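Contents: one structure, followed by commentary.
The values are calculated or read from the model by the stated rules, or taken from the named source; none is laboratory data. Keep in mind that this is a model prediction, so the values were computed, not measured. So basically every Cβ, Gly included, is an ideal-geometry build from the backbone, and we count neighbours across all protein chains shown. Ligands, DNA and RNA are stripped out before the accessible areas are found, and what is left, the full protein with its side chains, is counted by its heavy atoms. Shrake-Rupley method; radii C 1.70, N 1.55, O 1.52, S 1.80 Å.
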Amino acid sequence: MVEDVVRAEHSTSPNKPIYLLGNSFGGCLALAVAARNPRIDLILVLVNPATSFEKSDIKQLLSIFSPFSDHACIAITALLNYNIDNEVNIALSRMKSGKHPLEAFGRLTNNMSSSLKHTNILDKLPEDTLRWKMELIKTAASYANYRLHFVTADVLLLASGADRLLPSKAEADRLQKILPKCKVFFFQNHGHSLLLEHGVHVSSIIKCADLYRHSRKYQRVLDFIPPSTTELNEVDKASSDLTFRTCPAMFSTMEDGTVVRGLGGVPADGPVLLVGNHMLMGIELISLAAEFLRQKKAVVRGIAHPLLFPKKERTSSEGHDFFDFLKLWGGVPMTYKHIYELLAAREFVLMYPGGYREALHCKGEEHRIFWPDETGFVRMAAQLNATIVPFGVVGEDDLLNILCTFDDIRNAPFGKEIMRAYSSHLKLRDAAHEVIFPGVLLKIPGRFYYRFGKPIPTKGRQDVLTDRQAANDLYMHIRAEVESIISYLLEKRVEDKYRHILPRLWYKAARGPNAEVPTFDP
């Protein structure tokens with residue numbers, strides 16, 4: 001039946017991938033269909049597949065309890081499958097989101113009691129139900145395992161570390177060695193019924209694994225879809241502490257040169273190329289992207305160093321890390337091809353000409369920009385009639401104190417060897433580059449300040465395309481604008497009586513946690 005549906009779908013849309021999501025026994029079915037249809041573009045999402053049934057403890061356990069009725073064996077299986085840790089995590093999550101502890105506890109006890117009540121249906125099941133299901137799984141596992149070497153599809157394998165029914169973690173290791181295109185996501189504290197447990201979002205995992213695509217070939221720019229509500233909530237949780245500490249103040253410049261608070265001076269429609277300076281470790285990115293989504297309803301597509309897009313074949317972290325969030329928010333590796341595609345799609349594009357050299361600057365280099373003499377992005381913006389918006393940001397020096405940097409480590413004994421080995425571990429595309437992340441110490445938090453300069457339209461600027469000097473003049477003008485904005489913010493932030501955290505805390509305590517904290521008069 002599954003195969004018939006897959007073939008029918010493929011006949012109507014032969015150039016589109018087909019996703020098969022198989023859970024446990026369904027994982028065996030998905031593998032079998034993929035093995036029998038190697039020419040169809042399939043993407044398999046396997047959740048604790050039952051291909052490991054012959055090695056499972058549940059098989060031996062049920063053989064021990066075989067003298068008992070099938071109803072008793074099914075009840076034992078259900079109890080083993082029940083994950084009390086998941087119910088506790090749900091309750092804790094509800095309390096963190098503002099629910100009263102008694103309400104969260106009541107939800108926990110109700111869930112537990114309802115799970116136990118489900119055993120009441122056992123009397124209605126035929127006596128041979130369990131034996132039939134076990135034989136079905138055994139046959140499916142054998143069929144799929146025998147044909148694994150025929151599977152050529154992309155495979156995303158989700159494996160639970162606390163699966164008490166199947167050895168899913170060990171099975172994930174085995175399948176990844178056999179299947180040629182297999183990526184594994186481990187969920188250490190989750191049980192067998194992974195899809196029913198708290199905090200598991202399959203669509204997000206598919207996107208983080210670079211497996212969400214519209215055609216046979218994955219295209220990072222064109223296959224992007226904006227973050228879902230669930231993903232936005234996860235970003236809010238992950239960034240709430242930084243936002244609370246830094247309380248970003250954003251300004252923009254209108255067409256007449258007036259500086260206003262907010263993003264009113266930034267064009268409403270793309271293509272827009274935002275060009276500015278990095279703070280240490282790029283920590284300004286989070287607030288910038290969040291504010292554009294909140295105020296402009298626009299997803300900012302960031303251009304980032306290729307090392308921030310590692311090829312993760314195995315992931316064991318609970319939840320999303322920084323690299324995942326970068327993908328979910330539409331980040332792309334730095335290539336002119338990607339910039340061209342983004343601007344052609346009329347996107348809001350975020351670019352840092354200073355790159356990682358600026359983001360990993362040394363002591364005493366705060367607020368300096370390190371831009372190469374490359375005018376390529378200026379010409380590309382003019383070719384696609386994009387509006388360039390220069391911007392500057394300051395405040396990292398009020399948040400972090402640099403302990404050791406690139407130069408400190410390089411000059412230490414064996415420092416060069418350490419940096420070379422670390423750069424090799426990161427698999428930088430340019431072998432001549434050496435990079436290491438600086439050691440930092442948190443300060444009593446200050447505030448982040450952003451200002452977006454007067455928009456620079458490039459429509460009709462044919463001279464930028466044909467005259468190298470005109471392109472260089474525009475590039476130097478943008479650079480000078482960024483430096484001027486940085487100087488402006490450093491000067492004006494002294495006037496902000498809410499620059500330090502205590503006045504901001506008092507203000508929010510009096511007016512509510514979501515109140516916008518005042519700042520200097522622009």
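The set of residues in the range 15-38 that are of a type in the set (A, V, I, L, M, F, W, C) and modelled with pLDDT of 95 or more comprises Ile18, Leu20, Leu21, Cys28, Leu29, Ala30, Leu31, Ala32, Val33, Ala34, Ala35.
Filtered by the rule that a residue be part of a helix (DSSP H, G or I), touching a Lys or Arg at 6+ places or on another chain (Cβ under 8 Å) and open to solvent by 80 Å² or more (accessible area, probe 1.4 Å), the range 1-37 gives a lone residue, Arg36.
For the range 268-311, residues that are within 22 Å of Ser487 (Cα to Cα) and small (Gly, Ala, Ser) total 3. Each residue in the range 295-347 was checked for being surrounded by fewer than 15 Cβ atoms within 10 Å (Cβ to Cβ), of a type in the set (D, E, K, R) and within 22 Å of Val275 (Cβ to Cβ), and 3 of them qualify. For the range 157-172, the criterion of a residue being open to solvent by less than 40 Å² (accessible area, probe 1.4 Å), closer than 16 Å to Lys312 by Cα, without any contact (Cβ under 8 Å) to a residue 40 or more places away in the chain and of a type in the set (A, V, I, L, M, F, W, C) is satisfied by at least one position.
Consider Ala50 against the criteria (1) crowded, with 18+ Cβ neighbours inside 10 Å; (2) modelled with pLDDT of 95 or more: it satisfies all of them except one. Which criterion is unmet? Every condition holds for Ala50 apart from (2).
Considering Tyr488, Tyr498, Tyr475, the condition of being touching a residue at least 12 places away in the same chain (Cβ under 8 Å), more than 30 Å from Glu374 (Cβ to Cβ) and either aliphatic (A, V, I, L, M) or surrounded by 14 or more Cβ atoms within 10 Å (Cβ to Cβ) (or both) is satisfied by Tyr498 alone. For the range 188-197, indicate whether the set of residues that are buried (at least 23 other Cβ atoms within 10 Å of the Cβ), modelled with pLDDT of 85 or more, over 22 Å from Lys138 (Cα atoms) and assigned by the TED database to the domain that holds Arg39 is non-empty. Yes; the residues of the range 188-197 include at least one that is buried (at least 23 other Cβ atoms within 10 Å of the Cβ), modelled with pLDDT of 85 or more, over 22 Å from Lys138 (Cα atoms) and assigned by the TED database to the domain that holds Arg39.
Among the conditions (1) surrounded by fewer than 14 Cβ atoms within 10 Å (Cβ to Cβ); (2) within 20 Å of Gly282 (Cα to Cα); (3) at pLDDT 90 or above, Glu483 misses just one, which is (1). Can you find even one residue in the range 377-393 that is without any contact (Cβ under 8 Å) to a residue 40 or more places away in the chain and either surrounded by fewer than 18 Cβ atoms within 10 Å (Cβ to Cβ) or of a type in the set (Asp, Glu) (or both)? No, there is no match, as no residue in the range 377-393 is without any contact (Cβ under 8 Å) to a residue 40 or more places away in the chain and either surrounded by fewer than 18 Cβ atoms within 10 Å (Cβ to Cβ) or of a type in the set (Asp, Glu) (or both). When Thr152 is tested against (1) open to solvent by 60 Å² or more (accessible area, probe 1.4 Å); (2) at pLDDT below 80, just one condition goes unmet, and that condition is (2). Kindly provide the set of residues from the range 5-54 that are more than 23 Å from Arg213 (Cα to Cα) and of a type in the set (D, E, K, R), ordered by number. Correct list: Glu54 only. Test Leu505 against the criterion of being under 32 Å from the mean Cα position of the chain (by Cα), under 16 Å from Thr246 (Cα atoms), surrounded by fewer than 16 Cβ atoms within 10 Å (Cβ to Cβ) and not basic (Lys, Arg), and give yes or no. It is true that Leu505 is under 32 Å from the mean Cα position of the chain (by Cα), under 16 Å from Thr246 (Cα atoms), surrounded by fewer than 16 Cβ atoms within 10 Å (Cβ to Cβ) and not basic (Lys, Arg). Yes or no: the range 350-367 includes at least one residue that is of a type in the set (Phe, Trp, Tyr) and at pLDDT below 90. Taking every residue of the range 350-367 in turn, at least one turns out to be of a type in the set (Phe, Trp, Tyr) and at pLDDT below 90. For the range 146-162, the tally of residues that are in contact with a Leu (Cβ under 8 Å, 6 or more places away or on another chain) and closer than 13 Å to Asn48 by Cα stands at 5.
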